[in-house]
Amino acid sequence: MNVTKYVITGGPGFGKTSIIDELERRGYNSVHEISRTIIKEQLDTGGDVLPWKNLNTFSRLVFEKRIQQHINAPQKKHSFFDRGIPDVVAYMVRDELELPEKYVHALSDYNYNEIVFLTPPWEEIFVNDNERKENYTEACDIHDFIKTTYSNLGYQTVEIPKLKINERVEFILEKLGLDK
């Protein structure tokens, strides 16, 4: 695959968004995590499309929005995604939800670069909040499901070292040969 869509993923609270923000600051196209946006909107409006209230509908909405993010990403520009479509599947498998056939097809229809970067479990930086309710143990479990899902789909997962944000970004850019 020679796709310029790169995924940064891993369990919640392990530094993905900080990395994405730094890549964006450096001029790279960044595609932000959609789950937190949906959760915040639902909390603000009193909605119930929340993972702890209506997981099936929440997963469907995240799936649809991730497909749109993939489609809308520039074709001739490097884009870094804070999570990808396979993340939805990993969460659904973890939560023992039925996986619709169209989700399975989407995994081959919407590809990312073969190298997927994982933020490893890192208790020292882990925080949860109103949108991220998982505790550290749950976040580690989610991380394992995400890593397994991407590996099973043929992606090469690369763990990002536990370093300062700018050093983590340098690691990613060097691994991809993207010196800016």
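Taking the options H105, H78, name whichever one is over 27 Å from K40 (Cβ atoms) and either in contact with a strand residue (DSSP E or B) (Cβ under 6 Å, 6 or more places away or on another chain) or touching a residue at least 40 places away in the same chain (Cβ under 8 Å) (or both). Spell out how you get there, then give the answer.
Values: H105 fails: either in contact with a strand residue (DSSP E or B) (Cβ under 6 Å, 6 or more places away or on another chain) or touching a residue at least 40 places away in the same chain (Cβ under 8 Å) (or both).
Residue meeting the stated conditions: H78.
Tell me, yes or no, whether the range 74-81 has at least one residue that is under 12 Å from the mean Cα position of the chain (by Cα) and of a type outside the set (S, T, Y).
We begin by selecting, within the range 74-81, every residue under 12 Å from the mean Cα position of the chain (by Cα); these are 80-81.
Applying the additional criterion that residues be of a type outside the set (S, T, Y) yields 80-81.
Yes.
For the range 108-132, give me each residue that is without any contact (Cβ under 8 Å) to a residue 60 or more places away in the chain and under 28 Å from G46 (Cβ atoms).
First, the residues of the range 108-132 that are without any contact (Cβ under 8 Å) to a residue 60 or more places away in the chain: 108-110, 123-124, 129.
Answer for the range 108-132, where residues must be without any contact (Cβ under 8 Å) to a residue 60 or more places away in the chain and under 28 Å from G46 (Cβ atoms): just D129.
Quick one: what pairs do we get from the range 46-59, first residue farther than 15 Å from L97 by Cα, second part of a loop (DSSP other than H, G, I, E, B) and not small (G, A, S), C-beta under 6 Å, 6+ apart or different chains?
Here the result reads D48/N54, each pair linking the range 46-59 to a residue that is part of a loop (DSSP other than H, G, I, E, B) and not small (G, A, S).
Where residues in the range 122-147 are farther than 23 Å from E24 by Cα and either within 14 Å of the chain's Cα centre (by Cα) or among the small types (G, A, S) (or both), which of them is surrounded by the fewest Cβ atoms within 10 Å (Cβ to Cβ)?
Restricting to residues being farther than 23 Å from E24 by Cα and either within 14 Å of the chain's Cα centre (by Cα) or among the small types (G, A, S) (or both), the top hit is D144.
Bear in mind that the values in this text are calculations on the coordinates, not laboratory data. Computed from a predicted model, the values in this text were never measured in an experiment. Because the Cβ atoms are built from the backbone with ideal geometry, glycine has one as well, and the counts that use them run over all protein chains shown.
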